[in-house]
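To start, the structure itself, in structure tokens.
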Amino acid sequence: MTADNRLGLLRGEQAPRRATFLELFFDLVFVVALALLSETLVNRMTPVGAMESAILLLAIWWVRVITTLVTDLYNPDSVAIKAVTVGVMFGALLMAAALPAAFGDRALLFAGAYVAIHLGRGLFFFLLLHEQMARQRALRIWAWFGVSALPWLLGAVLGGTAQLLLWAVALAIEYAVFAAGYPVPGRQSIPARQFNPTAEHLAERYHQFFIIALGDIILVAGLAFSRGAVTPGRTVGFVVAFASAAILFRIYVHCAGAQLTNAIEAARTPGQFTRAAPYTHLLMIAGVVATATSAKLVIDQPTGTIPISWSIVIVGGAVVFLIGRSRFEYEVFGRFGWPLLAGTGALVLLAPALSHLPPVWVAGCVNVVLLTIVVFDLALRGRRNPVPVDPPL
């Protein structure tokens, strides 16, 4: 028995196949982070504000992705992994607290917490692991986070446009090397088989975060409606916001979301889902966050003339979600669902005309398109789920 097995670090047959209570507790941080992110975007409805919000979402999401990877590769019930999870949770809470002023006077707090999470966790595993393959994998991941740490910290110090550009570079490095398997000069990338997941656990963790994102729409809509007068326009906006959440939930779950576990189990190389799922779900979650932002806009000002940026957020959120959902369909079933693609095209074509309507009408029209996708999907598939395949990801 290796030292890692004696410490209970490695995921064996006795490790839980579903998310642990600590992982669910960990997710509470992201309830706060997504709510603050939606509020931040509402207050910065400009191209620069949108780019800043995108950077913040990418950073928050990457903390969750790598933590999911850790609890999937190692035993989440071990004392060491529990300690790491709690430490990352505290760092993520610091990031969430700094988020509204991350491109202001809390830039260093946000970047410092982010860098400390990844470098601290990487150092912990490098020192604790003894099995050579696992240790070398941890070292590579740690080394790449060390490379990206420089633009994170330098950007926080410089501020302004330099901060935005440097943080974008840092994230580009992290997202690219993950997809490439953390390559290093003179050596091959880490094989996908080293990232083979526990199917039920991985699927459940992505399902759970998507539900958290939908909860952001509910939270934002509830708070926005509670803070103003109960008028017909605001009430309609509230109903439209809730309908958005319900329809997005339905589109996600049927059928790909419900079949993700089976798709991972059926794959020849399950590790491909470990690498692909973060990018696909990122698109869907970005769309949901934009929808949460639009919920506040629609409730606070349901009628009247609106800036073009509002229409972009309301329509664009649904478009980004559908693009991600179409890719998700391919990952699970090996083909793109034409109702999803047709709905995406319809929203893009309708966007110029919708920009002249009041906010509640724009959101309502978007919901009609999304609901049409649901109806056509049900009509084509009936109640039978298609069989997952092994697409070339």
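Assorted remarks:
- Selection count, segment 45-89, where residues are among the aromatic types (F, W, Y) and over 19 Å from the mean Cα position of the chain (by Cα): 1
- With respect to the conditions (1) within 17 Å of S53 (Cα to Cα); (2) among the aromatic types (F, W, Y); (3) open to solvent by 50 Å² or more (accessible area, probe 1.4 Å), W310 lacks only one, and its number is (3).
- Residue pairs whose Cβ atoms lie under 6 Å apart, sitting 6 or more positions apart in sequence or on different chains, and linking a residue in segment 264-285 that is under 19 Å from R17 (Cα atoms) and part of a helix (DSSP H, G or I) to a partner that is open to solvent by less than 10 Å² (accessible area, probe 1.4 Å) and aromatic (F, W, Y), are I264/F273; G271/F195; T274/F195; A277/Y206.
- Residue check for I217: touching a residue at least 60 places away in the same chain (Cβ under 8 Å), surrounded by 20 or more Cβ atoms within 10 Å (Cβ to Cβ) and under 30 Å from A138 (Cβ atoms): no
- Within the set A229, A203, the sole residue that is open to solvent by 40 Å² or more (accessible area, probe 1.4 Å) and either at negative phi or of a type outside the set (S, T, Y) (or both) turns out to be A229.
- Cβ separations smaller than 6 Å between residues 6+ apart or across chains give the following pairs from segment 308-332 residues that are without any contact (Cβ under 8 Å) to a residue 60 or more places away in the chain to residues that are surrounded by fewer than 20 Cβ atoms within 10 Å (Cβ to Cβ) and not in a helix (DSSP H, G or I): I308/S355; S311/S355; S326/F336.
- The single condition among (1) in contact with an Asp or Glu (Cβ under 7 Å, 6 or more places away or on another chain); (2) closer than 18 Å to A277 by Cα that Q194 does not meet is (1).
- Counting the residues of segment 220-230 that are outside any helix (DSSP H, G or I) and touching a residue at least 24 places away in the same chain (Cβ under 8 Å) gives 1.
- Reported count of residues in segment 319-338, each being open to solvent by 10 Å² or more (accessible area, probe 1.4 Å) and within 17 Å of C365 (Cα to Cα), is 2.
- Verdict on Y175 being of a type in the set (F, W, Y), touching a residue at least 12 places away in the same chain (Cβ under 8 Å), touching a Lys or Arg at 6+ places or on another chain (Cβ under 7 Å) and within 26 Å of E23 (Cα to Cα): no
- Odd one out for F30, checked against (1) closer than 30 Å to A199 by Cα; (2) open to solvent by 60 Å² or more (accessible area, probe 1.4 Å): (2)
- Residue check: K82 meets all listed conditions (1) within 12 Å of F30 (Cα to Cα); (2) among the basic types (K, R); (3) open to solvent by 30 Å² or more (accessible area, probe 1.4 Å) but one, namely (1).
- Top-ranked residue in segment 244-280 [being among the aliphatic types (A, V, I, L, M) and open to solvent by 30 Å² or more (accessible area, probe 1.4 Å); ranked as nearest to A180 (Cα to Cα)]: A266
The values are calculated or read from the model by the stated rules, or taken from the named source; none is laboratory data. Keep in mind it's a predicted model, so treat the numbers as computed, not measured. Cβ sites come from the backbone with ideal geometry, for glycine too, and all protein chains shown count toward neighbours. Note: areas computed on protein heavy atoms with side chains; ligands, DNA, RNA excluded. Shrake-Rupley method; radii C 1.70, N 1.55, O 1.52, S 1.80 Å.
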